[in-house]
1. In whole percent, what relative contact order does the stretch 24-88 give with Cα contacts below 8 Å and a gap of six or more residues?
2. Can you sort Glu69, Glu87 by how many other beta carbons sit within 10 Å, fewest first?
3. Once label points are set 7 Å from the Cα along Cα→Cβ at both Asp70 and Ala55, what is their separation, rounded to one decimal in nm?
4. Only Lys, Arg, Asp and Glu count, each charged at its Cβ (+1, +1, -1, -1), so figure out the dipole size of the stretch 16-90 about its Cα centre, rounded to 20 debye.
5. Over the Cα atoms of the stretch 24-88, Rg to Rh with Kirkwood Rh, two decimal places?
Amino acid sequence: MTPTKHLTASSILALLTLPSLAGSSAPADIGGFGVSSDLTRQALAALGYHINDDAAVVLGYRGIGTDYEDGSFAYDVISHSILLGFEYRF
């Protein structure tokens, strides 16, 4: 089987919450709409803890999925993961 490269771009509709430096956040988006991929979607739920006025540690859960077809090539994947991050604002 020969590897195949595909480059796509999709339109998305996003819902974002922008909390203070730490706290909770729940951004989500959906896209595709048949423009390039049939459907793309992702959601994230995260909580943060202030280390000081400029820094926070963030822990969350993310689900992301893509449904794409191009001729005989099909890519239909849903991925779930735990997210650990560090946020610093300057």
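Bear in mind that the values in this text are calculations on the coordinates, not laboratory data. These numbers were taken from a predicted model, which means no experiment stands behind them. No Cβ is skipped: glycine too gets one built from the backbone with ideal geometry, and neighbour counts run over all protein chains shown.
1. For the stretch 24-88, the relative contact order is 28 percent.
2. With the sparsest Cβ surroundings first, the list reads Glu69, Glu87.
3. Those two pseudo-labels are separated by 4.2 nm.
4. 280
5. Taking Rg over the Kirkwood Rh, I get 1.17.
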